[in-house]
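None of the figures in this text is laboratory data; all of them are computed from the coordinates on show. It should be emphasised that the depicted structure is a prediction, and the values quoted were computed from it without experimental measurement. Here Cβ is always computed from backbone atoms with ideal geometry, including for glycine, and neighbour counts include all displayed protein chains.
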Amino acid sequence: MIVKLPVKNFPISLFTCVMGIGSLSIAYQRYADIVRLPFVSDILLAVAYLLFVVISLVYFSKLISCRTGVLSEFDDPVKANFFAAISISLLVLGTATFAYQRPAALALWAVGAVLHLIILIVVASRWIVRDFEITQLNPAWFLPAAGNLLVPIIGVEFVGKDILWFYFSVGLFFWLALFIVIFYRITFHRRLAEKFVPTLFIIIAPPALGFISYVKLTGTFDLAARMLLNLSLFLTLLLLFILPYFFKVRFSISWWAYTFPLCVVTIAVILAYHMSGTVAFAWISTLLLILSSVAVCIVSLKTLSALKRNVLFED
């Protein structure tokens, strides 16, 4: 089998593969306290690392050989948000690695946290000084915001909480602001282009990440934490209710948008079980882990099939 990698068409959005598989590895790590599933998280983490290295090398070669293509992506109002997938991937890998190698986890977390803040500043500054049409807005814009809510999750093991509260506050602000605007856009304007439909699942991630970060920062499962958790569960139910709508969408790399949010809400519910001991959370987390695993498997197989047929990078 000969697979062609058209470097000039290689998309920055492919880093979402690392986000999805890496976060599923974390979900299996956390689920081990409920039911032990040996080696699953290890294998998934190894795959996530392999993907990150390969995708990084190919994208770096694109930067060298087709610099204008990379600059074009970074200047695009939609594609620019996917550069945050690089820093989020580093944060996910750092979080997943903590159980195995603390110094490596610290290095990945530190680089990811700093890089993500830089990306957010660049992207947010464009929101202020440039003109955008409401129809250019889609849930992928959450990526620069959501990553900030990921920083405190493992950051509590490395640095003082003042720094982490900074990231949490910024992430919470941009999530709330974008959520209102994006919900208005998808409700009162024309529907999203087909290739962006899967990105609707991204709306699940910020409240779930916010819940995990809040609990890690405060050590409490209080009213604010419950509100964030319940909102993420409601949004999950809402999107599952309209699942037939998503089945109509032709496969593209954007399908990876299904994976990371489902894994994150799974991790959130597992944490809720650990904090409360409520058996219902154990059952819900089991169902969500199965759903997340199925989603990652399906999207992975679809991706490999498209790669084999050399159609993965068709826009």
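Here r is the Cβ-Cβ distance between residue 131 and residue 64 and R0 is 45 Å; the resulting FRET efficiency, rounded to 0.05, is 0.90. Phi angles across region 124-132 convert, under the Karplus curve 6.51 cos²θ - 1.76 cosθ + 1.60 with θ = phi - 60°, into 3J(HN,Hα) values of 5, 5, 5, 4, 7, 9, 10, 9, 10 Hz, Gly and Pro given as x.
Taking 7 Å steps out from each Cα toward its Cβ at residue 224 and residue 176 produces label points 1.0 nm apart. Going down the list 62/308; 79/161; 8/302; 79/302; 195/216, which pairs span over 26 Å between their C-alpha atoms? In this structure, 79/161; 195/216 exceed 26 Å between Cα atoms. List the longest stretch of the chain that has no exposed loop site; here a site is one of the trypsin sites (Lys or Arg not before Pro) assigned by DSSP to anything other than H, G, I, E or B, with at most 16 other Cβ within 10 Å. Here the longest run is 37-129.
For residue 76, no residue whose modelled amide H falls within less than 5 Å of its own remains once neighbours fewer than 5 places apart on the same chain are excluded.
In this simple spin-label approximation, residue 122 and residue 194 carry label points 7 Å from Cα along the Cα→Cβ vector, and these lie 3.2 nm apart. Once the Cα-Cα distance is subtracted from the 0.36 nm per residue extended length, the residue 290 to residue 162 segment shows a gain of 42.4 nm.
Just the number: Rg to Rh for region 72-130, Cα atoms, Kirkwood Rh, two decimals. Walk me through the numbers on the way to the answer.
Values: Rg = 13.5 Å, Rh = 12.1 Å.
When Rh is taken as the Kirkwood radius, the ratio is 1.11.
With only Cα atoms counted, region 270-315 has Rg and Dmax values of 16.8, 48 Å.
Over all pairs of different C-alpha atoms in region 7-308, the reciprocal of the mean inverse distance, the Kirkwood hydrodynamic radius, equals 19.3 Å.
Length gained on full extension, residue 46 to residue 248: 69.5 nm, using 0.36 nm per residue less the C-alpha separation.
Enclosing the Cα atoms of region 27-104 in their convex hull gives a volume equal to 98 cubic angstrom per residue.
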